[in-house]
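Peer 1: Sharing a structure with you now.
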Amino acid sequence: MLKTRIYLDNAATTKISDSVFEAMLPWLKEGYGNASSIYSLGRESAIELNKARAKCAEALGCEPREIFFTGGGSESDNWAIKSTAHALAKKGKKHLITSVFEHHAVLHCMESLEKEGFEVTYLPVYDNGIVKVEDVKNAIREDTALVSIMYANNEIGTIQPIAEIGAVCREKGVYFHTDAVQAVGNVHINVTEQNIDMLSLSGHKIHAPKGVGLLYVNKKIRLAPYIEGGAQESGRRAGTENLAGIVGLAVALTEAEAGIDAKN
Ligand SMILES: *Cc1c(COP(=O)(O)O)cnc(C)c1O
């Protein structure tokens, strides 16, 4: 562990930054209260949780109530895709659209839904690694429930025309999810301006710890819980909140957004 290393795989994971670490520490030590408890130690955690939610909402251009903290990018992808698919299947919509080079957290969800009887269209990404907006438009059918196209690819880094794809989905009345795990800190994300209905993020790709992420869900969508139990996250994602991780994620996301212009 003490050898000098040069690490070149930030697409696989990143080191926790000093500012993230410092922000998390008090919530690992003194601030261990359960945000659902009514006495002061718990209240302090609940207040900090709200602050972190507001920070994330500001960074993404949405309302705090549209942010749901999760256990990472994979969970966010699974939740968005499976809960949307199952809800809309009840209305006869059993067709999904994605691209051939999504992360496994998306591709494997699609495959398991295919086994349940859903039909999935896998759009090509051509020589330039980019999905054509026209292809999305042409693939949308009467029974399409969801389009899920990643924002930036984790292997070749290409950025997809997300706002345009979102606009097509809006026009056709189809929900649009994007896995933006690799896009944060590289392109400015604004879910409102970019017509995004659901967006997945992961902490450990942007200098926050592993095991924490978020799913943005547009307030018009009432996504059924994926993890059931307690009333945390407005009753939509059960489980005592990983407050220190969430605080770290909020700092990392704010810094990633702020650092984009310096990078480019
Ligand atoms: C890393 C990654 C994920 C998975 O996130 P975890 O927090 O590790 O579950 C999902 N999508 C993309 C594009 C990723 O790079």
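The values are calculated or read from the model by the stated rules, or taken from the named source; none is laboratory data. Computed from a prediction, not measured in an experiment: that's the story for all the values here. For neighbour counting, all protein chains shown are included, and Cβ atoms are generated from backbone atoms with ideal geometry for every residue, glycine included. Note: areas computed on protein heavy atoms with side chains; ligands, DNA, RNA excluded. Shrake-Rupley method; radii C 1.70, N 1.55, O 1.52, S 1.80 Å.
Peer 1: Quote the charge dipole size of the stretch 158-264 about the Cα centre in Debye, to the nearest 20; the model charges only the Cβ of Lys and Arg (+1) and of Asp and Glu (-1). Before the final figure, lay out the partial values.
Peer 2: Numbers: 10 positive and 11 negative charges, 51 e Å.
I would put it at about 240 debye.
Peer 1: A further question on this structure: For each pair in Lys93/Lys220; Lys220/Lys263; Lys172/Lys205; Lys90/Lys132; Lys137/Lys205; Lys29/Lys51, compute the distance between the two Cα atoms and list the pairs where it is over 25 Å. Numbers along the way, then the final one.
Peer 2: Details: Lys93/Lys220 18 Å; Lys220/Lys263 35 Å; Lys172/Lys205 33 Å; Lys90/Lys132 30 Å; Lys137/Lys205 31 Å; Lys29/Lys51 19 Å.
Flagged as over cut-off: Lys220/Lys263; Lys172/Lys205; Lys90/Lys132; Lys137/Lys205.
Peer 1: Once the Cα atoms of helix 73-89 and of the chain are each reduced to a long axis, what angle between those two axes, in degrees from 0 to 90 to the nearest 10, is obtained?
Peer 2: 40
Peer 1: Once you place label points 7 Å from the Cα toward the Cβ at Lys90 and Leu25, how far apart are they in nm?
Peer 2: So the two model labels end up 4.9 nm from each other.
Peer 1: Could you pull out every one of the aspartates and glutamates with an alpha carbon less than 13 Å from that of Lys210, ignoring same-chain neighbours closer than 8 positions?
Peer 2: By straight Cα distance, Lys210 reaches Glu75.
Peer 1: Size of the dipole of the chain about the Cα centre, Lys and Arg at +1 and Asp and Glu at -1 on the beta carbon, nothing else charged, in debye to 20? Before the final figure, lay out the partial values.
Peer 2: Numbers: 28 positive and 33 negative charges, 106 e Å.
With only Lys, Arg, Asp and Glu charged at Cβ, the dipole is about 500 debye.
Peer 1: Only helical DSSP H runs with n ≥ 4 go in: add -39500 (n - 2.57) per run for the chain, normalise by residue count and round the 222 nm mean residue ellipticity to 500 deg cm²/dmol. Before the final figure, lay out each step's value.
Peer 2: Details: 8 runs with 104 residues, N = 264.
My calculation for the chain gives -12500 deg cm²/dmol from helical runs alone.
Peer 1: When you count, for each residue, the other Cβ atoms within 10 Å and take the mean per peptide, how do 200-208, 96-104, 118-126, 177-185 rank with the highest first? Mind dumping the intermediate values first?
Peer 2: Numbers: 200-208: 27.8, 96-104: 20.3, 118-126: 16.2, 177-185: 25.4.
Sorting 200-208, 96-104, 118-126, 177-185 by mean packing, highest first, produces 200-208, 177-185, 96-104, 118-126.
Peer 1: Continuing with the same structure: Rounded to the nearest percent, how much of the accessible area of the stretch 117-214 (1.4 Å probe, protein heavy atoms only) is carbon and sulfur? Walk me through the intermediate numbers first.
Peer 2: Working: 1780 of 3730 Å².
Whole-percent figure for carbon plus sulfur exposure: 48.
Peer 1: Suppose we keep just the DSSP beta bridges with both residues in the chain; what percent of those would be antiparallel, to 5? Intermediate values should be presented prior to the final figure.
Peer 2: On the way: 10 of 25 bridges.
Within the chain, antiparallel bridges account for around 40 percent of the total.
Peer 1: Give a quick list of GluC sites (Glu not before Pro) in the stretch 1-67 that DSSP marks as loop, anything other than H, G, I, E or B, with at most 10 other Cβ atoms within 10 Å.
Peer 2: Working: sites: Glu22, Glu30, Glu44, Glu48, Glu58, Glu66; in loops: Glu30.
Sparse-neighbourhood loop GluC sites (Glu not before Pro): Glu30.
Peer 1: Moving to a separate point now. Taking 0.36 nm per residue of separation and subtracting the Cα-Cα distance, what length does fully extending Lys210 through Lys137 add?
Peer 2: 22.7 nm
Peer 1: I'd like to know which of Tyr126, Leu8, Gly185 lies farthest towards the positive end of the charge dipole of the chain, counting +1 on Cβ of Lys and Arg and -1 on Cβ of Asp and Glu.
Peer 2: Positive-end residue among those listed: Gly185.
Peer 1: Just to confirm, what accessible area per residue do you get for the stretch 131-264 at 1.4 Å probe, in whole Å²?
Peer 2: Values: 5270 Å² over 134 residues.
Using a 1.4 Å probe on heavy atoms only, each residue of the stretch 131-264 averages 39 Å².
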